[in-house]
Amino acid sequence: MDDCHDALHELYQYIDGELTEGRRADITSHLNACGECFEAFDFQAELRQVVAHKCRDEVPEALKARVAHLIEGEA
Ligand SMILES: [Zn+2]
């Protein structure tokens with residue numbers, strides 16, 4: 001069905017919250033009705049979260065390295 005093509009095509013914007021409320025509602029109802037698209041959405045959403053967490057974890061490491069570098073420079 002064409003709905004699946006549309007839903008998958010806009011999945012990234014949907015996850016990023018870049019769609020209008022009308023489009024969001026359309027895709028939400030499609031995901032509720034279509035197991036295949038919901039699985040794709042679920043996977044992408046989880047992937048996004050993993051990436052987001054990974055990025056967050058890397059910030060303190062980068063900061064630590066910068067601080068260590070600054071301290072080294074002063075010593
Ligand atoms: Zn579908």
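Before moving on, here are some points about what is shown:
- Phi-derived couplings, Karplus 6.51 cos²θ - 1.76 cosθ + 1.60 at θ = phi - 60°, listed residue by residue for segment 10-18: 9, 4, 5, 5, 4, 5, 7, x, 9 Hz, with x used for Gly and Pro.
- Rel. contact order, % - alpha carbon contacts under 8 angstrom, at least six apart, the chain: 28
- The chain: calculated mean residue ellipticity at 222 nm from DSSP helix runs of at least 4, using -39500 (n - 2.57): -30000 deg cm²/dmol
- Cα gyration tensor, segment 11-52 - rounded (a/c under 1.5), prolate or oblate: oblate
- Most mobile listed residue (39, 18, 61) in the chain, GNM with C-alpha springs under 10 Å: 61
- Among the helices of the chain, none built from whole DSSP H runs has Cα atoms reaching 30 Å or more along its own axis together with a mean Kyte-Doolittle hydropathy of at least 0.5.
The numbers here are math on the coordinates, done by the rules we state, and not lab data. Small disclaimer: the values here were computed from a predicted structure and weren't measured.
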